[in-house]
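The values are calculated or read from the model by the stated rules, or taken from the named source; none is laboratory data. Just so we're clear, the structure is a prediction, and the values are computed from it rather than from any experiment. Note that we place each Cβ from the backbone using ideal geometry, even for glycine, and neighbour counts take in every protein chain shown.
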Amino acid sequence: MLKTLIILVIPVLIIIGILVYPRLVQRRRNHFKNLPFSPQKQAIVENNLPIYSCLSPDERRRLKGHIQVFLAEKQFIGCGGLQITEEMKLTIAGVSCLLLLNSSGSYFSKLRSILLYPSTYRVQTTTALDNYVVVESIEARLGESWIRDQVVLSWEQIKQDTNHWNDGHNVILHEFTHQLDSEDGKTNGVPILPKNSDYSVWAKVMSKEYEKLCRETEQRVKTVIDAYGTTNPAEFFAVATETFFEKPQQLLDKHPELYRLLQGYYQLNPVQWI
Ligand SMILES: [Zn+2]
C-alpha cells in the first residue's frame, strides 16, 4: 500500500516542482530587479561602463535590474591574493549583462562562479603530439570560459578594456559570449536560438563571414573584426560580439549581414549608442 502511494505521489511532486520552480525563480529575480540601486553603485557603473551614458533611460533601468539579479545569483572568487571589491563585481556584472539587456534572460544558466585574478595568470597545459609524446607548457591568459560553471578573468585586463571601450577588445564580452554559446552543452559558435528556422540563417551568415575573415587575414587585409576570430567558429562568434558592441558602425558598414544577425540575436542596435 505504502509502496503504491509513493509510486503515485512522487511523479505528482516532480510535475508540481517543474511547474512551480520557474515561477519561484522569476519572483525571486523580480525582487532583486526592484531593489534600490544606491548612488554609490550608480557612480561605479557610470564610471566603469563607458557606454552606460549612451543608453536610453529604459535600457539603463533594465541593465540595473539585470545587474542586481546577476550579483545575487553568481559567486565571485578572488584568486592570486586578490580581494574582491564592489567595483569589480559591478563592472563584471554591468558589462556581461549588456549581452542580456533586451532578452528575457537566462542569466548565463550554466555559470556559477567568476574567478578573478589581479592580472595575467599562468596555466599549465599539456598537448599530446601523438600517442607517445606529450608536451607540457605554461600559458599566460587574460580570461577563459569553462563550459561547466566558471568564467576566469583578469582585473588588469578589465580595467584596460574599460579605458579603451571602442577598440573592439573586451575580455568580459568575449568570455560571456562563450557562456551563451555553451548553454546548449556545446561551444561551437551556435547559441540557443528562438526558432528552428533561425539555425539555417545563423549557419549561412556566420560561415560566410568566418570564411571571409580567414581569407582576408591570410591576404593580410586590414579587418574590422580581430584576426583571433579565425581560430574557430566559437572564437569568431565571441570576437564578432566584441566588435558589435565596441565598433558597431564599422561592423554595420563593412559586414551589414553579420551586424543584422547579431542585432536580431541580442535584440539591440548599438549604432544608436554612438
Ligand atoms: Zn575565446
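Which pairs have Cβ atoms under 6 Å, sit 6 or more apart or on different chains, and link a residue in the stretch 132-159 that is without any contact (Cβ under 8 Å) to a residue 60 or more places away in the chain and more than 14 Å from Leu116 (Cα to Cα) to one that is within 16 Å of the ligand (Cβ to nearest atom) and part of a helix (DSSP H, G or I)?
What qualifies is Ile147/Ser182.
Check the stretch 11-21 and report whether any residue there is under 23 Å from the mean Cα position of the chain (by Cα) and either at pLDDT below 95 or surrounded by 10 or more Cβ atoms within 10 Å (Cβ to Cβ) (or both). Let's see the steps before the verdict.
Within the stretch 11-21, the first condition is being under 23 Å from the mean Cα position of the chain (by Cα), and the residues that meet it are none.
So far as the stretch 11-21 goes, no, none of its residues is under 23 Å from the mean Cα position of the chain (by Cα) and either at pLDDT below 95 or surrounded by 10 or more Cβ atoms within 10 Å (Cβ to Cβ) (or both).
Hey, which of the strands (runs of 3 or more DSSP E) in the stretch 76-154, taking only ones fully inside, have at least 3 residues that are within 30 Å of Gln263 (Cβ to Cβ)?
On the way: elements: 113-117, 121-128, 134-141, 143-145, 150-154.
The strands (runs of 3 or more DSSP E) meeting that bar are 143-145, 150-154.
Do you know which of the residues in the stretch 206-264 that are among the charged types (D, E, K, R), loosely packed, with under 15 Cβ neighbours inside 10 Å and part of a helix (DSSP H, G or I) is farthest from the ligand (Cβ to nearest atom)? Give the derivation first.
Here is the first cut: in the stretch 206-264, the ones among the charged types (D, E, K, R) are 208-209, 211-212, 215-216, 218, 220, 222, 226, 235, 242, 246-247, 253-254, 257, 260.
If we keep only those that are loosely packed, with under 15 Cβ neighbours inside 10 Å too, we end up with 208, 211, 215, 218, 220, 222, 253, 257, 260.
Then drop every residue that is not part of a helix (DSSP H, G or I), which leaves 208, 211, 215, 218, 253, 257, 260.
Details: Lys208: 21, Glu211: 19, Arg215: 21, Glu218: 20, Asp253: 25, Glu257: 22, Arg260: 23 Å.
Restricting to residues being among the charged types (D, E, K, R), loosely packed, with under 15 Cβ neighbours inside 10 Å and part of a helix (DSSP H, G or I), the top hit is Asp253.
From the list Thr85, Thr127, Thr120, which one is within 16 Å of the ligand (Cβ to nearest atom) and without any contact (Cβ under 8 Å) to a residue 60 or more places away in the chain?
Working: Thr85 fails: within 16 Å of the ligand (Cβ to nearest atom); Thr127 fails: within 16 Å of the ligand (Cβ to nearest atom).
It is Thr120.
Just the residues that are at negative phi and more than 11 Å from the ligand (Cβ to nearest atom), please, taken from the stretch 183-192. Don't jump to the end; show me each part of the working.
We begin by selecting, within the stretch 183-192, every residue at negative phi; these are 183-184, 186-188, 190-192.
Of everything in the stretch 183-192, those that are at negative phi and more than 11 Å from the ligand (Cβ to nearest atom) turn out to be Glu183, Asp184, Lys186, Asn188, Val190, Pro191, Ile192.
Scan the stretch 47-62 residue by residue and report those that are over 14 Å from Lys89 (Cα atoms) and not small (Gly, Ala, Ser). Let's see the steps before the verdict.
Start the filter on the stretch 47-62 by keeping residues that are over 14 Å from Lys89 (Cα atoms), which leaves 50-62.
Passing the criteria: Pro50, Ile51, Tyr52, Cys54, Leu55, Pro57, Asp58, Glu59, Arg60, Arg61, Arg62.
Just to be sure before I move on: is Leu101 in contact (Cβ under 8 Å) with a residue 60 or more places away in the chain, of a type outside the set (Gly, Ala, Ser) and closer than 23 Å to Gln157 by Cβ in the structure I sent? Outline the logic, then answer.
Numbers: in contact (Cβ under 8 Å) with a residue 60 or more places away in the chain: yes; of a type outside the set (Gly, Ala, Ser): yes; closer than 23 Å to Gln157 by Cβ: yes.
It is true that Leu101 is in contact (Cβ under 8 Å) with a residue 60 or more places away in the chain, of a type outside the set (Gly, Ala, Ser) and closer than 23 Å to Gln157 by Cβ.
Being more than 16 Å from the ligand (Cβ to nearest atom) and either within 16 Å of Ala238 (Cα to Cα) or not in a loop (DSSP other than H, G, I, E, B) (or both) is the filter here, so list the residues in the stretch 159-182 that pass it. Steps first, answer last, please.
Initial filter on the stretch 159-182 (more than 16 Å from the ligand (Cβ to nearest atom)): 159-160, 162-167.
Matches in the stretch 159-182: Lys159, Gln160, Thr162, Asn163, Trp165, Asn166, Asp167.
Between a first residue in the stretch 243-270 that is of a type in the set (D, E, K, R) and a second residue that is in a helix (DSSP H, G or I), which pairs have beta carbons less than 7 Å apart while being 6 or more apart in sequence or on different chains?
From residues that are of a type in the set (D, E, K, R), the pairs are Glu246/Trp165; Glu246/Asn166; Glu246/Asp167; Lys247/Asn166; Glu257/Val205.
Does the stretch 130-150 contain any residue that is exposed (fewer than 13 other Cβ atoms within 10 Å of the Cβ), at pLDDT 95 or above and charged (D, E, K, R)?
no
What number goes with the only condition from (1) assigned to a loop (DSSP other than H, G, I, E, B); (2) under 24 Å from Asn163 (Cα atoms) that Phe70 does not pass?
(1)
What about Ser154, is it within 21 Å of Pro233 (Cβ to Cβ), buried (at least 20 other Cβ atoms within 10 Å of the Cβ) and either under 16 Å from the mean Cα position of the chain (by Cα) or within 15 Å of the ligand (Cβ to nearest atom) (or both)? Please lay out each step first, then the result.
Numbers: within 21 Å of Pro233 (Cβ to Cβ): no; buried (at least 20 other Cβ atoms within 10 Å of the Cβ): yes; either under 16 Å from the mean Cα position of the chain (by Cα) or within 15 Å of the ligand (Cβ to nearest atom) (or both): yes.
Considered against the rule, which asks whether it is within 21 Å of Pro233 (Cβ to Cβ), buried (at least 20 other Cβ atoms within 10 Å of the Cβ) and either under 16 Å from the mean Cα position of the chain (by Cα) or within 15 Å of the ligand (Cβ to nearest atom) (or both), Ser154 comes out as no.
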